[in-house]
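Enquirer: I have a structure I would like to understand better, so I am pasting it below and will then ask my questions one at a time.
The values are calculated or read from the model by the stated rules, or taken from the named source; none is laboratory data. Since the structure is predicted, the reported quantities are computational estimates derived from the model, not experimental observations. Virtual Cβ from ideal backbone geometry, glycine too; neighbours counted across all protein chains shown. For accessibility, only protein heavy atoms count, side chains too; no ligands or nucleic acids. Shrake-Rupley method; radii C 1.70, N 1.55, O 1.52, S 1.80 Å.
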Amino acid sequence: MQWSRIAVFASGQGSNFAALAEAERAGLLGGGRIELLVSDKPEAPVAKRAEEAGIPSLLLRPKDFASRELYEAEIVAELKRRDIGLIVLAGYMRLITPVLLEPYGGRIINIHPSLLPAFAGKDAIGQALEYGVKLTGVTVHFVDGGMDTGPVIAQRSVVVNAGDTPESLAERIHKIEYELYPEVVRALAEGKVTLEGRQTIIRR
Ligand code: GRF
């Protein structure tokens with residue numbers, strides 16, 4: 001499996017997908033190549049973005065399968081066919097089962113709009129505002145069987161301003177996501193990330 005052969009998984013808008021595709025075009029993913037988009041929502045805007053970028057996509061509806069495991073088995077077969085070595089979740093709104101986790105252990109990453117372990121799960125930006133924190137941010141982490149629980153690879157902070165709305169805070173968080181995710185994907189694609197227990201090291 002080659003780290004540089006990347007599949008992005010997304011369910012929604014796909015702005016992070018677009019930022020990664022743009023980073024690749026600009027030569028900012030190093031040797032990293034986005035070979036495939038996988039989406040569980042064939043009608044989502046991200047599918048159109050992949051088409052426009054000329055990136056092949058695998059669009060499947062989980063409800064067309066008898067189980068989550070059979071849905072993921074279909075994905076794994078396509079990933080193997082394309083020799084994918086790195087899975088990048090970008091707004092993929094499903095928990096991953098062992099069918100995917102086992103063959104791709106340590107090769108699946110996610111981006112989350114908070115400083116984990118704070119505000120895991122849905123609506124992290126809303127949760128942070130509701131709690132009243134003064135600082136939140138973005139986390140890129142390896143994926144394990146839990147919800148946003150895997151080892152942290154990189155984090156960047158964002159100050160919460162008085163009077164921030166979910167929209168204004170989301171805008172600043174997304175801006176950081178579009179910078180941080182390509183940087184981490186590049187480091188992984190170039191084999192510069194090592195993981196020991198929960199500790200990750202990025203070699204420069
Ligand atoms: C991002 O905020 C990401 O952190 C979270 O889901 C959102 C996806 O947005 N996991 P988009 O689909 O990339 O626009």
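Enquirer: How much net charge surrounds Val159 when only the other residues with a Cβ under 10 Å from the Cβ of Val159 are counted, with Lys and Arg +1 and Asp and Glu -1?
Expert: Details: positive: Lys134, Arg172; negative: Asp164.
Neighbour charge sum, excluding Val159 itself: +1.
Enquirer: A further question on this structure: Counting only protein heavy atoms and using a 1.4 Å probe, what share of the accessible area of the chain belongs to carbon plus sulfur, as a whole percent? Could you put the intermediate results ahead of the total?
Expert: Numbers: 5230 of 9980 Å².
Carbon and sulfur: 52 percent of the exposed surface of the chain.
Enquirer: On a 32 Å Cα-Cα criterion, which of the cross-link pairs Lys48/Lys122; Lys63/Lys192; Lys80/Lys134; Lys63/Lys134; Lys48/Lys134 come out too long?
Expert: Where the Cα-Cα span goes over 32 Å, the pairs concerned are Lys63/Lys192; Lys80/Lys134; Lys63/Lys134; Lys48/Lys134.
Enquirer: Using Cα pairs under 8 angstrom and six or more residues apart, how large is the relative contact order of the chain, in percent? Each step should come with its number before you reach the end.
Expert: Numbers: 384 pairs, mean separation 45.4, N = 204.
About 22 percent, as a whole number.
Enquirer: Residue by residue through the stretch 165-173, what is 3J(HN,Hα) from phi via Karplus (6.51 cos²θ - 1.76 cosθ + 1.60, θ = phi - 60°)? Round to whole Hz and write x for glycine and proline.
Expert: 9, x, 5, 5, 5, 4, 4, 5, 5
Enquirer: A follow-up question, please. Helix-only mean residue ellipticity at 222 nm, the chain, DSSP H runs n ≥ 4 weighted -39,500 (n - 2.57), per residue, nearest 500. What is it? Mind dumping the intermediate values first?
Expert: On the way: 6 runs with 70 residues, N = 204.
Mean residue ellipticity at 222 nm (helix-derived): -10500 deg cm²/dmol.
Enquirer: Taking amide H positions as placed in the peptide plane 1.01 Å from N, state which residues far from Val160 in sequence (5 or more) or on other chains have amide H under 5 Å from it.
Expert: Leu135, Thr136
Enquirer: A further question follows. Would you compute the Debye intensity of the chain from its alpha-carbon atoms alone, equal scatterers and no solvent, and pass along log10 I(q)/I(0) at q = 0.10, 0.17 Å⁻¹ to two decimals?
Expert: At q = 0.10, 0.17 Å⁻¹ the computed log10 ratios are -0.40, -1.19.
Enquirer: At 1.4 Å probe radius, can you tell me the per residue accessible area of the stretch 2-202 in Å²? Walk me through the intermediate numbers first.
Expert: Details: 9530 Å² over 201 residues.
Computed with neighbouring chains in place, this is 47 Å² per residue.
Enquirer: What list of ³J(HN,Hα) values in whole Hz, one per residue of the stretch 41-48 in order, does the Karplus curve 6.51 cos²θ - 1.76 cosθ + 1.60 (θ = phi - 60°) give from phi, with Gly and Pro shown as x?
Expert: Rounded to whole hertz, the list is 10, x, 8, 5, x, 4, 5, 5.
Enquirer: Cβ neighbours within 10 Å, averaged per peptide: list 161-167, 42-48, 122-128 in order, most packed at the top. Show your work: numbers first, answer last.
Expert: Numbers: 161-167: 10.3, 42-48: 15.7, 122-128: 17.6.
Descending packing order for the listed peptides: 122-128, 42-48, 161-167.
Enquirer: With θ taken as phi - 60° and the coefficients 6.51, -1.76 and 1.60, list the Karplus ³J(HN,Hα) couplings across the stretch 126-134 in order, rounded to whole Hz; mark glycine and proline as x.
Expert: Rounded to whole hertz, the list is x, 4, 5, 5, 4, 6, x, 5, 9.
Enquirer: Among Ser67, Ser157, Ser114, which one shows the biggest mean-square fluctuation in a GNM of the chain, springs joining Cα atoms closer than 10 Å?
Expert: Ser67
Enquirer: Using amide H atoms built in the peptide plane, which far-off residues or other-chain residues are under 5 Å from Ile153 H to H?
Expert: Here the answer is Val140, His141, Phe142, since their amide H atoms fall under 5 Å of that of Ile153.
Enquirer: On to the next question. Based on the mean of other beta carbon atoms within 10 Å per residue, what is the order of 140-146, 184-190, most packed first?
Expert: 184-190, 140-146
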